[in-house]
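**Student:** Dropping the structure in here first, questions after.
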Amino acid sequence: MAQGRRIKSPEGNPFERGKQVRFQFEGRSLQGYDHEPLAVALMAAGVRVFGRSLKYHRPRGPVCLHGHCSGCLMRVNGVANIRTCETPCRSGMVVERQTGWPSAGLDFFRAVDLLSGERLDHHGMFTASSVLNRIAGYVVRKLSGLGAPPTADPQTPVPISRFSSDAVVIGAGAAGLSAAKTLSGCGHNVVLLEAEEHRGGRLLDGATQNGWERIRDFKEEIESVAGIEIHVKTPALAVYPGDTLQVVAGNEGKTFWISARRLIVCTGTYEQIPLFENNDLPGIFGPRAMDRLVCGYSVVPAEPVLVVGERDATLRLAGRLRELNVTLAGVVTTRTEGDALTSLKRKNVEIFQDRRIVRALGGKWLDRVELAHRSSEQSDLVLDCRACVVEAPPAPAYELAHHAGCRVSFSSQSGYLVQVNDEGQTTHGQIFAAGHIAGSDSVDAAAQSGERAGLACALSLKDDAQVRRRLESMQKG
Amino acid sequence: MGRTIVCRCEDVTVEDLNQAFSEGYRDLESLKRYTGFSTGFCQGKCCTAHAARFLSALKGGDDTVADPIRTRPLLHPTPASHFARAVELLDEESK
Ligand code: FES
């Protein structure tokens, strides 16, 4: 089993590893750290296939490392479907893969993928006789599904904390932090909910913020947010409209049921992998996942790494990987200019221009990638790489606003954006949206839109001449 | 077998979407119901935008066809133990 590589964690890294612990993985004792997610420790130990897909039993592995996909699910301490990218290593933990037969590593039912041709169409299957149908249903459930029922003791009911608040802000990234800060500065009480363990969102992306220095500054700013009730590791789960908005959120030990007069949604985007053949092969990550893995958790899953993308942030990630002495297979981009590209060339990173990725190849993990010229379907270049970072078009996390009936609009370029007016107000008067879900395209723009929405939200709660002036001067500037 | 996966939770491929489209499922909600994309563990976070872009491209770049699918709580799969107390709580409040 090829190991991942642990690199030295740079100073100022908000993702310190913590203390060494040992846990059990399918009968082996593996090492991890108590501030490190299981998925990261497993990749460092060389575990590559985390599970198998439902229908074709294709290998699956972590993709997003931000708790959005389903690639990292495993059975932990007798409970199925635990997101290992969000679960810290604990000493004595028992971790197993939950899909595949006899195991996720060697799954005989991969034959379904290899033998079923272009499509396995379940619409016309099992319709002949009801007896056969029932047997087929039983077999299919055994083969696919999401793990066996828990063997752990039943969970005790989680206490529910019910209270009201002037405003709830969902998401503690650049937009959410400045919205919450602004609102509380205007004298309103604010509950800030963050799904991840750390506040910061994109501010925590090591490479895309010009390295650790900028992170340190931001960290101070994040820490300076006072007088706000902040709950981390507490994803918002639902928003119900009404006279007052009902916001439901939950963490391991508590469920929150908050009646809020106003809501500011700053949930950012989901990272996706673009569409090309075998885009689901383990070893293919989005830029922010790779950033978190290498720059945050200091684990290089496999090398060499190929980086594919156009955005400055993606190119800067490639540069950061090079600085951290990660072996690069090169950078594929259609960009021809820009500081980020120049700096890559200066670092002697090989650039493959005018090409795009058409196919990934490998058995259980990425082996190589085929590229084609922009104008052609035919691949004309094969690159060896064991990890690939690919950027995809944006996918804003619009759902919570949509729950409450806010209008959402689609464009191929931006994905689903929550519709807002100049002040960040959605079509539901009590709900505001800021940051990437409302169309910001950078951390700075997100922070600004958060402030604007915070001011407008504060004004809608209580008229105040000073706040009004601040908002007006922001609108002009 | 080479496949381009749109929805990795439910193994829905580009071919599946093409097939559904040619069978007449030409809005996002019907496409979803027919192919099952966005109905898996991640609840559509990794595939809905892909499917919307795909549909818009098939319709010659018409973005208006991709009205969002109905989103429903909860946003993430959550153990039932998180809500077991809610009934008790409401009972107490109504007393
Ligand atoms: S949810 Fe854990 S890697 Fe995506």
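The values are calculated or read from the model by the stated rules, or taken from the named source; none is laboratory data. All of these numbers come straight from a predicted model, not from anything done at the bench. With ideal geometry, Cβ positions are generated from the backbone for all residues, glycine too; neighbour counts draw on all protein chains shown. Each accessible area value is taken on the protein alone, full model and side chains, heavy atoms only, with ligands, DNA and RNA left out. Shrake-Rupley method; radii C 1.70, N 1.55, O 1.52, S 1.80 Å.
**Student:** Those residues that are at pLDDT below 90, over 30 Å from B:Ser22 (Cα atoms) and more than 7 Å from every other protein chain (Cβ to nearest Cβ), I need them from the range B:52-95; list them, please.
**Tutor:** Result: B:Val87, B:Glu88, B:Leu90, B:Asp91, B:Glu92, B:Glu93, B:Ser94, B:Lys95.
**Student:** Moving on to the next point. Is it the case that B:Gly40 is more than 25 Å from A:Pro154 (Cα to Cα), at the interface with chain A (Cβ under 9 Å from one of its Cβ atoms), surrounded by 18 or more Cβ atoms within 10 Å (Cβ to Cβ) and small (Gly, Ala, Ser)?
**Tutor:** It is false that B:Gly40 is more than 25 Å from A:Pro154 (Cα to Cα), at the interface with chain A (Cβ under 9 Å from one of its Cβ atoms), surrounded by 18 or more Cβ atoms within 10 Å (Cβ to Cβ) and small (Gly, Ala, Ser).
**Student:** Among the candidates A:Arg452, A:Arg470, which residue alone is more than 28 Å from the chain's Cα centre (by Cα) and within 21 Å of A:Arg261 (Cβ to Cβ)?
**Tutor:** Testing whether each residue is more than 28 Å from the chain's Cα centre (by Cα) and within 21 Å of A:Arg261 (Cβ to Cβ) leaves just A:Arg470.
**Student:** Let me ask another. If A:Arg322 satisfies all but one of (1) without any contact (Cβ under 8 Å) to a residue 60 or more places away in the chain; (2) touching a helix residue (DSSP H, G or I) at 6+ places or on another chain (Cβ under 8 Å); (3) assigned to a loop (DSSP other than H, G, I, E, B), what's the number of the condition it fails?
**Tutor:** Checking A:Arg322 against (1) without any contact (Cβ under 8 Å) to a residue 60 or more places away in the chain; (2) touching a helix residue (DSSP H, G or I) at 6+ places or on another chain (Cβ under 8 Å); (3) assigned to a loop (DSSP other than H, G, I, E, B), the one that fails is (3).
**Student:** Could you please tell me which pairs satisfy a Cβ distance under 9 Å, a separation of 6+ or placement on different chains, a first residue in the range A:392-421 that is closer than 24 Å to A:Met290 by Cβ, and a second residue that is among the polar types (S, T, N, Q) and open to solvent by 40 Å² or more (accessible area, probe 1.4 Å)?
**Tutor:** That search, which allows pairs on different chains as well, returns A:Pro393/A:Ser412; A:Pro393/A:Gln413; A:Pro394/A:Gln413; A:Pro396/A:Thr267; A:Ala397/A:Thr267.
**Student:** So, in the range A:249-269, of the ones that are touching a strand residue (DSSP E or B) at 6+ places or on another chain (Cβ under 7 Å) and open to solvent by 20 Å² or more (accessible area, probe 1.4 Å), which residue ends up farthest from A:Gly67 (Cα to Cα)?
**Tutor:** A:Arg261
**Student:** Tell me which residues, restricted to the range A:52-68, are on the phi > 0 side of the Ramachandran plot and either assigned to a strand (DSSP E or B) or away from the ligand (no atom under 11 Å from the Cβ) (or both).
**Tutor:** If the condition is that a residue be on the phi > 0 side of the Ramachandran plot and either assigned to a strand (DSSP E or B) or away from the ligand (no atom under 11 Å from the Cβ) (or both), then A:His57 is the only one that fits.
**Student:** Here is a further query. For the range A:2-16, indicate whether the set of residues that are within 19 Å of A:Ala387 (Cβ to Cβ), near the ligand (Cβ under 10 Å from one of its atoms) and either away from chain B (no Cβ under 11 Å) or among the hydrophobic types (A, V, I, L, M, F, W, C) (or both) is non-empty.
**Tutor:** There is no residue in the range A:2-16 that is within 19 Å of A:Ala387 (Cβ to Cβ), near the ligand (Cβ under 10 Å from one of its atoms) and either away from chain B (no Cβ under 11 Å) or among the hydrophobic types (A, V, I, L, M, F, W, C) (or both).
**Student:** Additional query: Cβ-Cβ under 6 Å, sequence separation 6+ or interchain: first residue in the range A:63-86 and touching a residue at least 24 places away in the same chain (Cβ under 8 Å) and more than 16 Å from B:Ile5 (Cβ to Cβ), partner near the ligand (Cβ under 6 Å from one of its atoms) and of a type in the set (Lys, Arg). Which pairs?
**Tutor:** Note: pairs meeting the criteria are A:Gly67/A:Arg83; A:Cys72/A:Arg83.
**Student:** Residues that are within 16 Å of the ligand (Cβ to nearest atom) and surrounded by 19 or more Cβ atoms within 10 Å (Cβ to Cβ): find the strands (runs of 3 or more DSSP E) completely inside the range A:69-176 holding 1 or more of those.
**Tutor:** Answer list for the range A:69-176: A:73-76, A:79-83, A:94-96.
**Student:** Additional query: Just one of (1) more than 13 Å from chain B (Cβ to nearest Cβ); (2) more than 17 Å from the chain's Cα centre (by Cα); (3) open to solvent by 10 Å² or more (accessible area, probe 1.4 Å) trips up A:Leu371, so point out which.
**Tutor:** (3)
**Student:** Given A:Gly32, A:Gly100, A:Gly105, which one is in contact (Cβ under 8 Å) with a residue 12 or more places away in the chain and more than 25 Å from B:Cys46 (Cβ to Cβ)?
**Tutor:** Answer to the check: A:Gly32.
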